[in-house]
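Working notes, beginning with the structure itself.
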Amino acid sequence: MSSLELVTQLIRFLVPALLVCILATIARAVALSKFQKKHDQLLTEARKTLVVAASTSGTDLRAVRAMPFRVLVKGLIQIARSVTGPELTRVRIAADQLGVVRRAERMCTSVFWWRRLYGARVLTVLGTNNEVVPSLVMDRNALVRAQVAEWVAMRQDSSMIENLIKLVYDPVAYCRYAAKDALLRLGSYAVSPVAERLKLATGEEALPLLEIAAGVPNGEFLESARRLSSDALPATRAAAADTLGAIGGEDAVNELTGLLDDSHWNVRRAAARALGRIEHWPAATRLGAMLDDPVWEVRTAAAGALRALGAPGELMLRRLARESGTAADVAQQALDLARTS
Amino acid sequence: MTFLLFIQYAVLTYFVSVNTFYAVQLTVAFTEMIQHMRRTRGEARWRVLNSRVAPRISILAPAYNEEETVHQSVRALMALQYPRLEVVLINDGSKDRTMEVAIREFGLKPVHPAHAGRIACQEITKLYRSHSHPNLLVVDKLNGGKADALNAGLNLATGDLVCAMDADTLIEPDALQRMVRPFLFDDRIVAAGGTIRIANGSIMRGGQIIELRVPRRPIPGFQIVEYLRAFLFGRLGWNKMGGNLVISGAFGLFKREEVIAVGGYAHGSVGEDIELVLKLRRRGYEVPGTPSEIAFVPDPVAWTEAPETLAVLGRQRDRWHRGLADTLWRHRTIIFNPRYGALGLVVMPYFLIVELMAPVIEAFGVFGLILGLLGGAVNFPFAILFFLLAYGYGMLLTVMTLLLEELSYHRYQRVRDLWVLLGWALLENLGYRQLTVWWRLRGLWKFLRGNTQWGEMTRRGIGQSK
């Protein structure tokens, strides 16, 4: 083919393609602008009715019944996120009466993960049925599974805790994050199931459970945390130290004092921090000695713990600040920080 | 003459190959955008605000001679919607009153400047904390440049993630909630970049963009088109293909321990941002099991001011190209090295042949074409073919990027702004692109001559936008 023929072919392709793209771009922009205006108007009207529905039972919803699904969802979710208690219940009833809940439930059975995900997200805020979203806990899509965790946290549904604990070990990081977050939000409901699982866990398996235990400290975790403070894995020992620091008490202190001499810096740091959290002032001398630790993070954790001990800690810091060397630097910094807080 | 014709065909083949690759990348970007919209539709991003397992973030904000804007910038950072956020302001030996202003505005008190010193940097002379702003740490140090300032910040930051940014970048209030997402999804992620948009010509109030506009001046206008192409099409396409090598220095989020493990930002490099990303990716191959994936968040998360004069823009593009050349040279042992998998065999060769050498090949092509036309080796239809394949095809890809923007974020609400953008997209190849070739060639020449200067970047300040 000669250059001229190639040029002609190329122009025949490029020019229409360019024109189509330009027109598609402009058409999309025009359509979106019109749609956005209409959408905003409908949303404003919907909000007026839905706000009344939130505050008064039996509100007439005829004015919004025919509105598009996405307008209703947006309006309902905006209001649902701003209210609690009886108002939230009335919003959910309104969502049910408007068919939003039914449609979202149908979406949860779709073959397409994005529809299941969106349905689950809508139901997390607006759903009235406690069966549809939980049934997705073993969904093949990680985002859908994680959304179940969010549902559990929002609904404070303690019947799903065992499933959440399983999700803590999900192969996908986001599911693990969502499950841990949900268990922490469940608070005291999560204590017994997590403590039960922690009794048998060791090494890496214990790590996420210890993180949750440190966030919802309870005496039920004490024995496991003490056992795990001598685990072979340094990260587990450090997490156990955090948990012991959160729980407190004499037994915890004894273990933590022993961990101050651990071979791994992360464990020593966690133990120092934990003793500061418990405000165990008899540890002041040991903590003072740690200001000479070879690892910076351990030195600052020990200094921070001394600050937290109050007067005994401050005395120790002042004494160390008068000496020379790395301990003096860290001690002086801790004293300066205490003055700024 | 035969040799000239051969060169022309070689350059033509190069353009066809590159533009075809771009077309594939654009297709991948479209599908990736669809997946992203599906993943984020209806998400309750705000839940991270009271999550006790969300990673802690430290923002590193280097400042040099910023007495006019430092208090506004720091307040804007502290107002970002993210829990337990730490702001580390690093005064890099300013000669003006930057420190006095910061001390006065935030009630700063001096703290003994002890630190871990894990990364070498110029001496940190003072540290400051604030009673009224406990999440603010101010570092006063001797001047050492942006990379040095960031390294000082890394030594003192305490967050799990660090956010490096430019002093004049305007960050969206929920930007960190969006940017942290990749780290929650995947443990292998070591760094994430977001979309940087250009704020020139937009209407601002209270440090926020309230209405996005397209500037009527060509220089910032062309840059908007370039940025959209680079972020929406380039980086989003690479996201899926695992080839992201650039996180804008204006705004990026990194795992702090991993950055420290690779020695932080390189001194003496004008491309310290791309160099850091390459080190992080490289480490993934050298130390198996370390996180080394780079993610790109397509949501617009930050705004910057684009240069408005050719002189300043030229210096910027010159510096970017020198930075790229410098980085590729520093890590030349990776190129075509099978030990580094896709990084060595695909990504690095791409950046060498397509990104770095593009201005050389293009210049060869254009000059060769002119010589060929004058000498009769090349006929007029061939010249038109050349321009159509080199620039016409590129124009189509740019317009398709604008379509992708409309299908996804539709940030430019006014239709007339879109017409202006389309105009810039069509005119870009008639002079502006050739200028960028010249600047990049100049950068390459300077690199070969050992020039590592930043050059002066004059800015009006993002708050000055209309």
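Which lysines have a Cα less than 20 Å from the Cα of A:Lys199, not counting those fewer than 8 places away in the same chain? Reachable lysines: A:Lys166, A:Lys180. Mean separation of Cα pairs under 8 Å and 6+ residues apart, divided by the residue count of the range A:225-324: what relative contact order is that in percent? Across the range A:225-324, relative contact order equals 22 percent. Nearest 0.05, what FRET efficiency do B:Tyr9 and A:Trp281 give at R0 = 56 Å with Cβ-Cβ as r? Computed FRET efficiency for B:Tyr9 and A:Trp281: 0.10.
Projecting the Cα atoms of B:Ala164, B:Gln122, B:Gln177 onto the dipole axis of the range B:122-177, where Lys and Arg carry +1 and Asp and Glu carry -1 at the beta carbon, places B:Gln122 farthest toward the positive end.
When only the Cβ of Lys, Arg, Asp and Glu is charged (+1, +1, -1, -1), the dipole of the protein assembly as shown relative to its Cα centre reaches about 2100 debye. Karplus-derived 3J(HN,Hα) values for the range A:271-287, using 6.51 cos²θ - 1.76 cosθ + 1.60 with θ = phi - 60°, are 5, 4, 4, 5, 5, x, 5, 6, 6, 7, 5, x, 7, 4, 5, 4, 5 Hz; glycine and proline are entered as x. Couplings for the range A:313-328, taken from phi via the Karplus curve 6.51 cos²θ - 1.76 cosθ + 1.60 with θ = phi - 60°, read x, 5, 4, 4, 5, 4, 4, 5, 5, 7, 7, 10, x, 5, 4, 5 Hz in order; Gly and Pro are left as x. Counting other Cβ atoms within 10 Å as a rough exposure proxy, the listed residues B:Asp140, A:Asp242 run A:Asp242, B:Asp140 from fewest neighbours to most. Each semi-axis of the equivalent ellipsoid for the protein assembly as shown is √(5λ) with λ an eigenvalue of the Cα gyration tensor; in descending order they amount to 48, 37, 25 Å.
For chain B, pairs of C-alpha atoms spaced more than 42 angstrom apart make up 15 percent of the total. Of the residues B:Gly234, B:Leu253, B:Trp303, the one whose Cα sits farthest towards the positive end of the charge dipole of the range B:214-321 is B:Gly234 (charges of +1 on Lys and Arg Cβ, -1 on Asp and Glu Cβ, taken about the Cα centre). Since only B:Met357, B:Phe336, B:Ala377 are under comparison, the one whose Cα sits farthest along the positive direction of the charge dipole of the range B:280-410, derived from C-beta charges on Lys, Arg, Asp and Glu, is B:Phe336. Considering only beta bridges that DSSP places wholly inside the range B:92-222, some 90 percent are antiparallel.
Would you mind getting me the FRET efficiency between B:Glu123 and A:Leu4? Use the beta-carbon distance for r and R0 = 60 Å, nearest 0.05. So the FRET efficiency works out to roughly 0.30. Normalising the average separation of contacting C-alpha pairs (under 8 angstrom, six or more residues apart) by the number of residues puts the relative contact order of the range B:34-135 at 25 percent. Of all aspartates and glutamates in the structure, those lying under 13 Å Cα to Cα from B:Lys240, and not within fewer than 8 positions of it along the same chain, are B:Glu32, B:Glu293.
Only Cα pairs under 8 Å and 6+ residues apart enter the sum, and on that basis the relative contact order of chain B stands at 19 percent. Only aspartates and glutamates eight or more places from B:Lys109 in sequence, or on another chain, were considered; those with a Cα closer than 14 Å are A:Asp336, B:Glu100, B:Asp140. Over chain B, DSSP H runs of length four or greater, each weighted -39,500 (n - 2.57), average out per residue to a 222 nm ellipticity of -14000 deg cm²/dmol. The GNM of chain A, with springs linking C-alpha atoms under 10 angstrom apart, assigns the highest mean-square fluctuation among A:Arg81, A:Arg269, A:Arg102 to A:Arg81. Ranked for footprinting exposure by Cβ neighbours inside 10 Å, fewest first, A:Phe35, B:Phe15 give A:Phe35, B:Phe15.
When DSSP beta bridges are restricted to pairs lying wholly in the range B:70-158, around 60% turn out antiparallel. Charging the Cβ of each Asp and Glu at -1 and of each Lys and Arg at +1, and nothing else, the dipole of the range B:43-99 about its Cα centre rounds to 440 debye.
Each stretch of four or more DSSP H residues adds -39500 (n - 2.57); spread over every residue of chain A, this sum gives -23500 deg cm²/dmol at 222 nm. Given +1 at the Cβ of Lys and Arg, -1 at the Cβ of Asp and Glu and no other charges, the dipole of the range B:224-333 around its Cα centre is 340 debye to the nearest 20.
For the range B:125-200, pairs of C-alpha atoms spaced more than 17 angstrom apart make up 60 percent of the total. DSSP beta bridges fully contained in the protein assembly as shown are about 45 percent antiparallel. In this structure, the amide hydrogen of B:Arg197, modeled 1.01 Å from its nitrogen in the peptide plane, lies closer than 5 angstrom to those of B:Val301, B:Ala302, B:Trp303, B:Thr304, counting only residues at least 5 positions away or on a different chain.
What translational diffusion coefficient, to the nearest whole µm²/s, does the range A:82-162 have by Stokes-Einstein, given a Kirkwood radius computed over alpha-carbon pairs, a temperature of 10 °C and 1.306 mPa s viscosity? It would help to have the intermediate numbers written out before the result.
Working: Rh = 12.7 Å.
For these conditions, the coefficient is 125 µm²/s.
Coordinate-derived values only; no laboratory data. None of the values given here were measured: they were computed from a predicted structure. FYI the Cβ positions are ideal-geometry reconstructions off the backbone, even for glycines, and counts take in every protein chain you see.
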